[in-house]
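The next block holds one structure in the form of structure tokens; read it before the comments.
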Amino acid sequence: MSIPLAALEDIIDTSGIAPVIEALLPHGVRHRQLPVRTLLIGMMLTLDDGRPAHLTRVRQALTGLPTQDQARLSVTADWKAGPHQLTYRQTEHTFHLVVTALSKAEPGGTAPDGLQAACDALLEASIPATHKQASRSLAADWTDAESWSRPPRHGTTSCADPEAAWGHRTTNLPGPKGEMFFGYYLSAVTMVAEENGPAVPELARRMTVCSCHLDPARALVPVLLAMGAAGSPPGDIIDDSGYAHRDADAWAIPLRRAGAQLVQDLHPHDRGPRGTHHGAIIANGNLYCPKTPPALLQLGPLPPGAAPDAAAAHDQQAAELARHKLPRHTADDADGYHRVTCPAVAGKIRCPLRPDSMLLSRDRPEILTPPEHPPACCTQQTITVPPEIAAKTRQKHNYPSAAHRRSYTTRSASVRPFSTIKDPATTTIARGWCRLMGLTPLALWIACLFTVRNQRILTTWNTRQDNSARRAAAGLPPRTRRRRRKTTLAGLAAGQP
């Protein structure tokens, strides 16, 4: 499918980045034929056609427009000798001026403020107003983006791309599951449906690029915080253990202060008991009764593809563990402190230290051997929990409960944008896709690529919604997705298809 030229122009005009960048460029005596607005249009036309991010392709896309559009966009200009069509050297000159204006004087491996603001404005302008507030839930992930530059020779540190560095990526190919690459980390957050909310198109809301010698999680946090300051505060943030294993000050604490709720998979090193607070056991981001069965505290996430009976048994154990959790008594105050109460006081378990709880029905767990010297969590009605307790592992749902598993499944939406831009059938950002060295040109091209992808997703989404509306008006059931048949080895051995 091809995106209409008017739609691309509307996105660039809505973002407002063209006049901002134009004001940063030097104005010489000689008139520059190619404006920044037309350059961005040419970049998006190139990517929409599945071409690599080469400046020669930008010129081909612009000179391939109808004659009226070429004249309107200054691709063709009236010179003294007659009509003059845009040359490659003019395209390269304007792009070089833009990159110079948006780059840092001293490269540091992160996107400058002006470059990041331009990328944010482009992505935000590619999302229609009807979808901007459809969901506040975001799924976060990062991937690799190789540099066109060759890495430094052994024993040296200099190369054509001084901001690129060696990084590690995980592969699903046969053989080793990890390998090294030379380039950058590309992070992106994708809009997903809220819990119990309607489906939404999975649009890329923000992206950032950083050198591989930096932490991509730390580079993404300022982008998410700026998103909230711009009037779109994040709600649920779904991420994997690569984010959850970071220091609390690097990821969890700043996002929680911004009002976000984390839904994340815990790293194996962060699961299970991790100390005590006033006698309560700290485990998986919560506080539990000192007499919680150890087997429940060691409960891990449900393996993928588990049988229904195994899932039911796992969820039953998770519900049993939740009964021993110290529930919240108050919300967080301005400094992040809150109070929790004993599960026996809350009526969740039976404990001899709380005589009133022994009057509860026997379908609740019972503490048979209470602590000989009861700690504060067993003697006080409530205890105060400071913000540093379980700051890294605290999240929206009990881990690893069924509610957490259902919410965490939406994280797969964070992978689909990367699979789209790495698909060789359309546009792949493999090495050689962009032959311009440096963080600024790579980030600007990828921002345009995500903008084009958002338009494709919206077109498909609107088509599917229209088809569903027509089927509903005709009294037909919704169309179900046809699933691919899976052939098992046992079936092949038995002669089954």
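Structure summary
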item	result
The chain: angle of helix 88-102 to the longest principal axis, Cα-based, in degrees nearest 10	40
Label-point gap, in nm, between Asp215 and Ala7 - each point 7 angstrom along Cα→Cβ	4.0
Bridge type composition, the range 206-355 - antiparallel percent by DSSP, nearest 5	65
Estimated 222 nm signal from helices in the chain, with DSSP H stretches of n ≥ 4 weighted -39500 (n - 2.57), rounded to 500	-10500 deg cm²/dmol
With DNA, RNA and ligands ignored, accessible area of Lys291 (1.4 Å probe; Å², nearest 10)	80
His54 paired with Ala81, simple spin-label distance in nm, labels 7 Å along Cα-to-beta-carbon	2.6
Accessible area of the range 338-404 divided out per residue, in Å², using a probe of 1.4 angstrom	48
³J(HN,Hα) computed for each position of the range 124-141 - Karplus, 6.51 cos²θ - 1.76 cosθ + 1.60, integer Hz, glycine/proline x	5, 6, 7, 9, x, 4, 5, 10, 4, 9, 5, 7, 9, 7, 10, 10, 10, 6
Accessible area in the full protein assembly, largest first, 1.4 Å probe, for Arg328, Arg256	Arg328, Arg256
Calculated diffusion of the chain, Stokes-Einstein form, Kirkwood radius summed over Cα pairs, 10 °C and 1.306 mPa s, µm²/s	61
Amide H partners (placed H, <5 Å) of Ile349, local residues excluded	Ala344
Flagged links, alpha-carbon separation over 30 Å, of Lys132/Lys422; Lys348/Lys392; Lys132/Lys325; Lys348/Lys396	Lys132/Lys325
All aspartates and glutamates inside 20 Å of Lys104 as judged from Cα atoms, apart from same-chain residues fewer than 8 positions distant	Glu22, Glu92, Asp113, Asp120, Asp161, Glu163, Asp215
Integer Hz, Karplus 6.51/-1.76/1.60 couplings in order for the range 383-391, x for Gly and Pro	10, 8, 10, x, x, 7, 6, 6, 5
Förster radius 22 Å - calculated FRET efficiency between Ala311 and Glu366, Cβ distance, rounded to 0.05	0.25
Residue order for Thr463, Thr46 - accessible surface, 1.4 angstrom probe, largest first	Thr463, Thr46
Charge dipole of the chain about the Cα centre (unit charges at C-beta), most positive-ward option of Ala229, Trp461, Leu25	Trp461
Accessible surface of Cys289 - all protein chains present, 1.4 Å probe, nearest 10 Å²	10
Between 0 and 90°, nearest 10: helix 308-323 axis offset from the chain longest Cα axis	70
Relative contact order of the chain, defined on C-alpha pairs under 8 angstrom at six or more residues apart (%)	17
Per DSSP, loop trypsin sites (Lys or Arg not before Pro) in the range 85-190 with at most 16 further Cβ within 10 Å	Lys104, Arg153, Lys177
Between the range 295-366 and the range 1-73, the alpha-carbon center distance in angstrom	58
Rounded percent of accessible protein surface that carbon and sulfur make up, the chain, 1.4 Å probe	54
Acute angle (nearest 10 degrees) that the helix 216-229 long axis makes with the longest principal axis of the chain, alpha-carbon atoms	90
Nonlocal amide H pairs with Val200, under 5 Å, H built at 1.01 Å	Ala193
Debye, to nearest 20: dipole size of the chain, +1 on Lys, Arg Cβ, -1 on Asp, Glu Cβ	1260
Mean separation of Cα contacts under 8 Å (6+ apart) over length of the range 12-155, as relative contact order %	26
Accessible-area value, Asp78, 1.4 Å probe, nucleic acids and ligands omitted, Å²	140
Inter-part distance where the range 108-128 and the range 405-439 are each reduced to a Cα centre, Å	17
Packing-based order for 257-263, 355-361, using average beta carbon neighbours within 10 Å, highest first	257-263, 355-361
Accessible surface, 1.4 Å probe, highest first, among residues Arg32, Arg453	Arg32, Arg453
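The values are calculated or read from the model by the stated rules, or taken from the named source; none is laboratory data. Note that the structure is predicted; figures quoted are calculated from it, not measured. All Cβ positions, glycine included, derive from the backbone under ideal geometry; neighbour counts span all protein chains shown. The area values use the complete protein model at the heavy-atom level, side chains included, leaving out ligands, DNA and RNA. Shrake-Rupley method; radii C 1.70, N 1.55, O 1.52, S 1.80 Å.
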